[in-house]
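Below is one structure, written out as structure tokens; comments come after it.
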Ligand SMILES: NC(=O)c1ccc[n+]([C@@H]2O[C@H](COP(=O)([O-])OP(=O)(O)OC[C@H]3O[C@@H](n4cnc5c(N)ncnc54)[C@H](OP(=O)(O)O)[C@@H]3O)[C@@H](O)[C@H]2O)c1
């Protein structure tokens, strides 16, 4: 039987790399994409079919999808929109450029890539599109406003798409991980150093000092922070189940906060979030 094909974005590290590895071992034909040539070369040397794809660049999206379709005779069974990063910083300190960059990668890229593969899935009569959102697409946390907004936008887009594709045999699922140990925090720190850290004075200086000492430094698995394989389990369900779920919450914090979001008024949820920060 022909192996199922999947395009995964952001395979240089973290959840994308873990998903690519597990799915390849499971027999999928994985197109493990990354935005840097050096990562593409590394992935190829590890035995992956790897193609360069920068999700913030329309030409790169088109060229990557064209290359994949040439290799598959014009078919693609699944897309995992995984690539993303976190722009930290209080909303007062963000600039339009920081917000625009956050949305180009976390929202407009996945939207465009989804639209690019949809005609292929329609033609073949089936498809699975899985979005890597976050629990921060369901609840908000202070000082992550750009990221919160991007993941809420991805949720809105994906929920609408699910409604529009009802009955088409193309299924949309959203994964909402809680904390996962990946390179997300170190990439976020780099981004923060180049942006927010350059601001000469901010009313949030103390918050940033704490972020530098605690948030960016936490890199180990704990009872709360899971390894990236925790995200691959629901990903496999979303790919293989006859009835994929609309949302998959990964880890206890994500499930608890998704539940609290449903039952608590805003002021009570804000209080809980102030207490855990
Ligand atoms: N880790 C968590 O706690 C957590 C929780 C909830 C949701 N998520 C979501 O999970 C997804 C994967 O993140 P991760 O935790 O695995 O972090 P990660 O290790 O930093 O991986 C992020 C991946 O996205 C790629 N990427 C960033 N910008 C890109 C662009 N313009 N084009 C293509 N690829 C790009 C990165 O590539 P480079 O190496 O080139 O930067 C990297 O491969 C993200 O969407 C994130 O929001 C993570």
Answer yes or no as to whether residue 221 is modelled with pLDDT under 95, more than 12 Å from the ligand (Cβ to nearest atom) and over 16 Å from the mean Cα position of the chain (by Cα). no
Tally the residues that are in contact with a strand residue (DSSP E or B) (Cβ under 7 Å, 6 or more places away or on another chain), in contact (Cβ under 8 Å) with a residue 40 or more places away in the chain and within 16 Å of the ligand (Cβ to nearest atom), restricting the search to the stretch 153-171. 1
For residues in the stretch 209-233 being touching a residue at least 60 places away in the same chain (Cβ under 8 Å) and assigned to a helix (DSSP H, G or I), which is farthest from residue 76 (Cα to Cα)? 211
Which ones in the stretch 30-57 are more than 20 Å from the chain's Cα centre (by Cα) and buried (at least 20 other Cβ atoms within 10 Å of the Cβ)? 48
Looking at the stretch 157-180, is at least one residue outside any loop (DSSP other than H, G, I, E, B) and more than 30 Å from residue 28 (Cα to Cα)? no
Within the stretch 190-208, restricting attention to residues that are within 16 Å of the ligand (Cβ to nearest atom) and either surrounded by fewer than 16 Cβ atoms within 10 Å (Cβ to Cβ) or without any contact (Cβ under 8 Å) to a residue 60 or more places away in the chain (or both), which residue is farthest from residue 251 (Cα to Cα)? 194
Among the candidates 129, 139, residue that is in contact with a helix residue (DSSP H, G or I) (Cβ under 8 Å, 6 or more places away or on another chain) and assigned to a loop (DSSP other than H, G, I, E, B): 139
Elements of type helices (runs of 4 or more DSSP H) in the stretch 9-103, at least 2 residues being out of contact with any helix residue (DSSP H, G or I) (no Cβ under 9 Å at 6 or more places or on another chain), over 22 Å from residue 118 (Cβ atoms) and modelled with pLDDT of 95 or more: 14-25, 37-45, 96-103
Looking only at the stretch 115-133, and only at residues there that are without any contact (Cβ under 8 Å) to a residue 60 or more places away in the chain and buried (at least 21 other Cβ atoms within 10 Å of the Cβ), the one that is nearest to the ligand (Cβ to nearest atom): 133
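The values are calculated or read from the model by the stated rules, or taken from the named source; none is laboratory data. Predicted model, so just to flag it, every value in this text is computed and none were measured. Glycine also receives a Cβ, built like all others from the backbone with ideal geometry; neighbour counts cover every protein chain displayed.
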